[in-house]
Amino acid sequence: MFKKIKKLFSGRSRKKEISDAEPESEINKAGSETGKIENTPEPVARDKVRTALVFDTKRRIFITKRKTSRLALWCPDKQQIILVDEVGEQKTFPVTLVFKEDETVIPITGYWTENSEAGVGFYFPARGLFQLKNNIFQQGCESDLLFIFGPDTEQWQPIAGDWDADGIATIGLYDKENAKFLLQNEHKGAELGELEFHFGPRNYSWIPVAGDWNGDGRTTVGLYDAEEGIAMLQNAHEGGEQPDIRFVIADSQSHWQPIVGEWGDGGVDSLAFWDAETEQFHLRYSNENGAIDQVIQMASGEKNVVPISILCLFA
Ligand SMILES: [Ca+2]
Ligand SMILES: [Ca+2]
C-alpha cells in the first residue's frame, strides 16, 4: 500500500486523486432508508444539534442528539489521538497514516461526509497531500479520502470547515507570506481553491483558524496573533484589512497554540489554547475581549503533541 501510494504521488503530481473509501460507519440520519423517527422533535440549527439513528454492534438502535466539540491531542510519534470524552476522561485512538516517513504532518478535523463522526485529517506540506479519515472510532482503514490540493509550495498551512453550510467540512489552505486563503467546497485535488481571498496583514506570526463565529452554520476563517493575543475573525469569505470581529485574550501567552470549538453555550465557535509547558487547555467561551473562562488540565505524558478539536456525536 505504501509503495503504491508513494509512486502515485511522486513528483508532486497535482492531478492524481484517490478515493480509498472503506465502508461507512453505520450512522444514518433521521428519515433515511434504514429508519425513521416519528414525531421528530422541534427543528434545530443544522450542524449544531443533529438527531441521528445509530446502530451498535448488536444492531440495537439508539438516538444521538448532539455534536459536541471535544479537546484532543495528536501524538505524531505514536500516531495516536488522545481524546477527552464526555465525562472528562482521556481515551487513546490509533490513527494509521499513509506515509510513515519523517516528514511534517499537520492535523485538521471535520465532518468529511454526511455520515462521518469524529473525522480527522492530515496535511503533508511536502507533498501537498490531504489524508482524511471519517471516523477515529472506526479502526481498520488508513484513510477514506486522499488527494493533493494547492499550489506547489510548502508554505501553506491547512484549515478545515463547512465553508458552504451544507453540513460537510472541506479543506482549505493559508499562505502566511501573502496573507492568502484558498478554500475548497469538495474533496478533490486542484491547484487553486474555489474560494480565494487575501485577509489580514502579511505577518509570519499570525496563525490561521476556522470556525462558525456567528452560529449561522457556515465556517469562516480567522487569524490569531500569539505574540499579542489578538484574534481577527471574518463572518464571510471576504478579504481585507479590517475583520468583522477583533478581540484580545487578556491573559494569553505567546507560546499558546489556538484551536477552535463550541466551548460555551452561545451556539458559536470560539477559541481555546494549548499550553504545552503546563499541559493545559485554556478555553474562551465568547469572541470578545476578556480572559480565559476555563482551564482543563491534561496528563497525557506525551511531549510532542499537537492540540486539535474534534466534533463528536454523543447520546
Ligand atoms: Ca461544506
Ligand atoms: Ca458563520
Note down the net charge around Gln297, summing +1 for each Lys or Arg and -1 for each Asp or Glu among other residues with Cβ under 12 Å from its Cβ. -2
Env charge @ Gly121, Cβ radius under 10 Å, K,R +1 / D,E -1, value 0
Packing-ranked peptide list from 259-267, 187-195, highest mean Cβ count within 10 angstrom first, is 259-267, 187-195
At 20 °C and 1.002 mPa s, the Stokes-Einstein diffusion coefficient in µm²/s for segment 189-315, with hydrodynamic radius from the Kirkwood sum on alpha carbon pairs, is 138
If packing is taken as the average number of other Cβ atoms within 10 Å across a peptide's residues, how do 155-163, 128-136 rank, most packed first? 128-136, 155-163
Collect residues whose amide H, placed 1.01 Å from N in the peptide plane, falls under 5 Å from the amide H of Gly239; neighbours closer than 5 in sequence don't count. His198
Surrounding net charge for Glu177, when Lys and Arg each add one and Asp and Glu each subtract one, Cβ distance under 12 Å: +1
By the C-alpha gyration tensor axes a ≥ b ≥ c (rounded if a/c is under 1.5, else prolate when a/b exceeds b/c, else oblate), the shape of segment 254-315 is oblate
Mean Cβ count within 10 Å, highest first, over the residues of peptides 171-179, 292-300: 171-179, 292-300
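Coordinate-derived values only; no laboratory data. Keep in mind that this is a model prediction, so the values were computed, not measured. With ideal geometry, Cβ positions are generated from the backbone for all residues, glycine too; neighbour counts draw on all protein chains shown.
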